[in-house]
1. Of the listed values (1) 4, 18, 29, 22, 17, 8, 2; (2) 4, 19, 27, 21, 11, 5, 5, 4, 2, 1, 0; (3) 3, 15, 13, 15, 16, 13, 10, 6, 4, 3, 1, 0, grab the one calculated as P(r) over Cα pairs in 5 Å bins from 0, in percent from the structure here.
2. Leaving out ligands, DNA and RNA, what percent of the accessible area of the chain is carbon and sulfur, probe 1.4 Å?
3. Enter the accessible area per residue of the chain (Å², integer; probe 1.4 Å; all protein chains in place).
4. Residue by residue, what Karplus-based ³J(HN,Hα) values in Hz, rounded to whole numbers, does the stretch 18-35 have, using 6.51, -1.76 and 1.60 with θ = phi - 60° and x for Gly and Pro?
5. Could you list the chymotrypsin sites (Phe, Trp or Tyr not before Pro) in the stretch 1-50 that lie in coil according to DSSP, counting only those with at most 13 other Cβ atoms within 10 Å of their Cβ?
Amino acid sequence: MNSLKSLGVFALLAAVAFAISQAPDIYQVILAITLVIIVYSLVSYVVSHRRRLRDQRIAGV
């Protein structure tokens with residue numbers, strides 16, 4: 001992992017910590033974070049599946 005990527009991860013964690021500390025309703029923040037993680041996971045899975053199918057089609061498998 002390069003230094004800019006790790007800096008981005010650190011900034012993201014700091015932003016989440018700040019949002020949690022400033023939020024009046026912690027459960028809404030946790031819900032929003034959970035939804036973002038779920039959507040990101042689903043998008044990553046769909047992109048990975050499409051890439052695998054494309055690679056198989058190109059390889060003639």
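The values are calculated or read from the model by the stated rules, or taken from the named source; none is laboratory data. The structure presented is a predicted model; accordingly, all values stated were derived computationally and were not measured. With ideal geometry, Cβ positions are generated from the backbone for all residues, glycine too; neighbour counts draw on all protein chains shown. In case anyone asks, the SASA skips ligands and DNA or RNA and just uses the protein heavy atoms, side chains included. Shrake-Rupley method; radii C 1.70, N 1.55, O 1.52, S 1.80 Å.
1. From the options (1) 4, 18, 29, 22, 17, 8, 2; (2) 4, 19, 27, 21, 11, 5, 5, 4, 2, 1, 0; (3) 3, 15, 13, 15, 16, 13, 10, 6, 4, 3, 1, 0, the structure gives (3).
2. Working: 3950 of 5630 Å².
Exposed carbon and sulfur together represent 70 percent of the surface.
3. Working: 5630 Å² over 61 residues.
Here the residues of the chain average 92 Å² of exposed surface.
4. Values, residue by residue: 5, 5, 5, 6, 9, 6, x, 10, 4, 5, 5, 5, 5, 4, 4, 4, 5, 5 Hz.
5. On the way: sites: Phe10, Phe18, Tyr27, Tyr40, Tyr45; in loops: none.
Those that pass, being in a loop and sparsely packed, number zero.
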